[in-house]
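Reviewing the structure listed below.
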């Protein structure tokens, strides 16, 4: 019974969100830091994708819809996925499976839900089916890389919220870190001492410390934004190549659905 309740708790997903909210470091990372970076990265990703595909860039209603569509589809799933990926008690292979499941639900809902409900022609329905199909395929690529590479670096190679506040106040050094702090994995062990030494070079000088704080957030934002832009641009590019931009184009997936349904 306990296993069933735990399974349902992850499926719904109450447990990942609850665990993230209860931990101050994970709460800041999942609910504040990541969504703010997404606001910056999503429109840039869309522009880069349009340039790559050769689409004439127009900041219009369609562009705005695409930005919000992808942002909310991504962020709704990401709140849960970050909660899963920062949970050290779950094996990576199960993290990938859970995050694939969350991604499929979120992407299908936000990219195809309204199109399927309001479809008036067979091409519009098949376009929605194609978007749902792509929602099953894309997370296989994105969640393997995110689970094994991007999130571990983002969460463990940079100081966590509680550590960061101490570093900002110059109240942590390599010695007391070794004594008091239990690093969760090899990335944290490797990088936290480097960050300690980097911050401690300010020697309690307030101006130098302020400069270090600004530099730190610039470094982390550039890293996170670069990853987000690469992944989101790849998402747009593959989606447009396989599904198309609208139902009027004969994309590979539309043609497959035409043949499957014989229409």
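Readers should treat all values here as calculations from the given coordinates under stated rules, not as data from a laboratory. In this text, all values refer to a predicted model and were calculated from it rather than measured experimentally. Counting neighbours? That spans all protein chains shown, and the Cβs are built from the backbone with ideal geometry, glycine included.
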Completion exercise
When 253, 231 are ranked with the fewest other C-beta atoms within 10 Å first, the list becomes 231, 253
Fill in the blank from the handout: Full extension between residue 263 and residue 241 adds, at 0.36 nm per residue less the Cα distance, a length in nm of 5.7 nm
Exercise for the section: Compare 207, 197, 246 in a GNM of the chain, Cα atoms joined below 10 Å, and give the one with the largest fluctuation. Expected result: 207
Fill in the blank from the handout: Among segment 132-163, those whose backbone N falls under 16 Å of a label point 7 Å along Cα→Cβ from residue 256 are 132-142
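For a footprinting-style exposure proxy, rank 104, 84 by other Cβ within 10 Å, fewest first.
104, 84
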Completion exercise
Full extension between residue 93 and residue 149 adds, at 0.36 nm per residue less the Cα distance, a length in nm of 18.9 nm
Exercise for the section: Mind jotting down the distance between the C-alpha centroids of segment 192-237 and segment 51-78, whole Å? Expected result: 26 Å
Exercise for the section: Would you mind classifying segment 15-93 by shape? Square roots of the alpha carbon gyration tensor eigenvalues, ordered a ≥ b ≥ c; an a/c under 1.5 is rounded, otherwise it is prolate if a/b is larger than b/c and oblate if not. Expected result: prolate
Problem - Where labels lie 7 Å past Cα in the beta-carbon direction, separation of residue 14 and residue 52 in nm - result: 4.0 nm
Exercise for the section: Report the label-to-label distance for residue 141 and residue 109 in nanometres (one decimal), using points 7 Å from each Cα along the Cα→Cβ vector. Expected result: 2.4 nm
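Taking neighbour Cβ counts within 10 Å as the exposure measure, how do 32, 245, 229 sort from fewest upward? Could the numbers behind the result be given before it?
Values: 32 11, 245 16, 229 19.
The fewest-first ordering by Cβ neighbours comes to 32, 245, 229.
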Handout entry: Calculated Rg and Dmax of segment 51-143 using C-alpha coordinates, Å
Key = 15.4, 48
